[in-house]
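Every number here is computed from the coordinates shown, using simple stated rules; none is lab data. All of these numbers come straight from a predicted model, not from anything done at the bench. Cβ placement follows ideal geometry from the backbone for every residue including glycine, while neighbour counts extend to all protein chains displayed.
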Amino acid sequence: MAMSSDEEYGSDQMMSDDELDADSLGELAGNLDSDYDNDADDDQFLENMRDDKPQKPAYEVDYTTLSDAELRNKQKEQVEDVRHILGQPVEQTAILLRYFKWQKERLIDKYMDDPDKVLEDAGLGAEWNDDPKLEKVRGFSCDICCDDDAEMNTYSMRCGHRYCADCYKQYLENKIMSEGESGRIQCPTDGCSRIVDSKTVRLLASPKVLARYGELLNRTYVDDKPNLRWCPAPECEFAVDCAVRQTELHKIIPTVVCNCGLRFCFGCGHNDHQPCPCALMKKWLKKCEDDSETANWISAHTKECPKCVSTIEKNGGCNHMTCRKCKHEFCWVCMGPWSEHGTNWYNCNRFEEKSGEEARGQQAKSRASLERYLHYYNRYANHDHSAKLDKDLYVKTEKKMTSLQSSSGMSWIEVQYLEAASTALQQCRQTLKWTYAFAFYLQRNNDTYIFEDNQRDLEMAVEQLSELFEKPADQLAASRKEMVDKTAYVGHRRRILLEDTANGLRDERWQFTTDIR
Amino acid sequence: MSSSKRITKEYGELENDPIPGVTIKPIDQDMYNWDIEMSGPAGTPYANGTFKVRLTLPTEYPFKPPTIAFKTKIYHPNVSNDDKGNMCLGMLRTDDWKPSCKLRTVLTLAMKLLNEPDTNDAVETSIVEQMKSNHDAYVQRAKEWTKTYAV
Ligand SMILES: [Zn+2]
Ligand SMILES: [Zn+2]
Ligand SMILES: [Zn+2]
Ligand SMILES: [Zn+2]
């Protein structure tokens, strides 16, 4: 059962770090004839994947990332394209396209219908060919600064509203630098809606302001086009082009990976929240915010051992706890004995609804609904927290390993499996976290059980991998193969879960307790 | 290009040709902060009241809009009921302000709002609701406030 993804997803050109993980792992592990404790659906899954020609997973979408220069070029091309049809200069065409939010066909239709009206609406007024220039006007007094020096330069656009060049400059600088305006800056005159064209900006603005203006214009292009979105990472300059529409977000969670490495949702701009659809993700965050006080007590990071009541602090991501005092092993999340967690009896992820008889009366009902919410919130918050602990532990371990490496002569490539394991762990915890928001809104039916089984299997695999990180660094080298295997396995479990939830969304098979449109 | 010439000119014009109901205290040192008194218009719950108003001009004036704040408490849907007492005027919004706009227009509009509150552009939505559901209660409350704070 090779995890090398070549034959599985072969020809797909899109970025997918799942593939990358699997590929690099395949190399690192050498012959990865791993001994997973397979159950039937794993085999079924791999059978299906092998059967036909390579197929893109249902949870992935097509997209491309665009750099600043590529975005500018795209705009230039479109302006060139349209300006010949309209017979308008470049500047004017750009304003028109921006006014029509780059909907080329609509612009051309409307323009052919009534060019004067289109020009007027876009703030351009009658035709205009000459280059704009500064003028000295005798007897002129600037209405903004009230200066009337005969030697001062003045400027007006075709609307004829004239101001001194300094005031015009300062007006533009204020709009561009402090208000972040670009394509919709109007003439400084109250009531005049004529748009300041880029020739005017070029004539008047300083190089710094002009550069910012160009950047902002570039931004409006991305903001105006529904198929484009900026990468939300701070300082990142890439945009992503993806065809998924806002109206489709109840059927797909368009998750993309920017060139900077950030994995985010193209639909809403939030960090990766698969398998929870955008609408549910927002509702869940809102709910958590509203109920934060109620939920606060459970996110405490110390608990008592259920057996001997001594205080236990969590310092790794793994939820398998062993009391230092009495050696009792239990689960941090449900506080039940750990012995049940390694088996198919594992039930920690599932919320058992109390039977109808117990939940009678208003008070009992609201208590039951609070319990239900806390069940999911607890697990959601725990994975979030565990991911951070996992990361801390990895950073510590990596440091130790690097020092070990220099003393033991291990090669660089040999410790890379640690990084791969850590990355997989982070990604799987992120997915697991959102499965609990997903499950909170899920209406119970037969599909729910399959989902919960997938969730349980991923969770079990993740806890096992996470536990390996808690070993002392000098013992880690010995468990390399185990770690590589388990890393491949968590990725595999994650893909199964995402495939199932994505297919269900696409086919509208899931029933939720709330509207997700 | 400094705004002093413009501000002086606007002040002079308002002094020579004042807006009815609006008194501007002389500005001595600080020409960016104007103390103004507005008389509550007759026939409104604000009648007989004198409202102290602070008009603040940013250093970037007239490229950035001024702000108007009521120093006297007033029960009015367009004035925030907090320690700031900001009056929300459409033309004072950053997007709508143009450097050619004049303080005369700003103050005239503020006076107009005292005369007839704009329920479509309110900061205090609870007052708007009261105006709609129980107008008499609104009038009474506004009159009380005027009597308590502005007379
Ligand atoms: Zn000027
Ligand atoms: Zn104009
Ligand atoms: Zn990015
Ligand atoms: Zn989303």
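Summarise the long-distance tail of P(r) for the stretch A:88-222 by giving the % of C-alpha pairs beyond 25 Å. Counting every Cα pair in the stretch A:88-222, those more than 25 Å apart make up 28 percent.
What size of dipole, in debye to the nearest 20, comes out for chain B about its Cα centre when the only charges are +1 on Lys and Arg C-beta atoms and -1 on Asp and Glu C-beta atoms? Please list the in-between numbers first.
Values: 19 positive and 20 negative charges, 31 e Å.
For chain B, the charge dipole is close to 160 debye.
The share of alpha-carbon pairs in the stretch B:84-144 lying farther apart than 18 Å comes to 43%.
Give the average over all directions of the projected area of the C-alpha convex hull of the stretch A:118-181, one decimal, in nm².
That works out to 5.4 nm².
Rounded to whole numbers, the Karplus 3J(HN,Hα) couplings from phi for the stretch A:133-146 are 8, 7, 9, 9, 10, 5, x, 7, 10, 6, 6, 8, 9, 6 Hz, using 6.51 cos²θ - 1.76 cosθ + 1.60 with θ = phi - 60°, and x at Gly and Pro.
Return A:Ser156, A:Ser386 ranked ascending by Cβ neighbour count within 10 Å, so the fewest neighbours appear first. Each step should come with its number before you reach the end.
Working: A:Ser156 19, A:Ser386 24.
If I rank by nearby Cβ atoms, fewest first, I get A:Ser156, A:Ser386.
Expressed as a whole percent, how much of the Cα-Cα distance distribution for chain B exceeds 26 Å?
So the pairs more than 26 Å apart make up 25 percent of the total in chain B.
Scalar couplings 3J(HN,Hα) for the stretch A:491-500, obtained by applying the Karplus form with A = 6.51, B = -1.76, C = 1.60 to θ = phi - 60°, are x, 5, 5, 5, 5, 4, 4, 5, 4, 5 Hz; x denotes Gly and Pro. Over 28 Å between Cα atoms: which of A:Lys136/B:Lys5; A:Lys325/A:Lys481; A:Lys388/A:Lys481; B:Lys25/B:Lys147; A:Lys133/A:Lys208 fall into that group? Cα-Cα > 28 Å for A:Lys325/A:Lys481; rest within.
Close amide H contacts of B:Asn86 (hydrogens built in the peptide plane, cut-off under 5 Å, sequence separation of 5 or more or a different chain): B:Phe70, B:Ser80. Scalar couplings 3J(HN,Hα) for the stretch A:365-376, obtained by applying the Karplus form with A = 6.51, B = -1.76, C = 1.60 to θ = phi - 60°, are 5, 5, 5, 4, 6, 5, 4, 4, 4, 5, 4, 6 Hz; x denotes Gly and Pro. Is the shape of the stretch B:112-151 rounded, prolate or oblate, going by the alpha carbon gyration tensor and its root eigenvalues a ≥ b ≥ c, with a/c under 1.5 for rounded and a/b larger than b/c for prolate? The shape class here is oblate. Measuring between their Cα centroids, the stretch B:8-33 and the stretch A:225-278 lie 54 Å from each other. Scaled to the globular estimate 2.2 N^0.38 Å, the Cα spread of the stretch B:26-97, given as radius of gyration, is 1.18. Taking amide hydrogens as placed 1.01 Å from N in the peptide plane, the amide H of A:Lys251 sits under 5 Å from that of no residue at least 5 positions away in sequence or on another chain.
Put in line by how crowded their Cβ is, counting other Cβ atoms within 10 Å and starting with the fewest, B:Met31, A:Met281 read B:Met31, A:Met281. Between A:Gln186 and A:Val196, the built amide H atoms are under 5 Å apart, and every one of these is 5 or more places off in sequence or on another chain.
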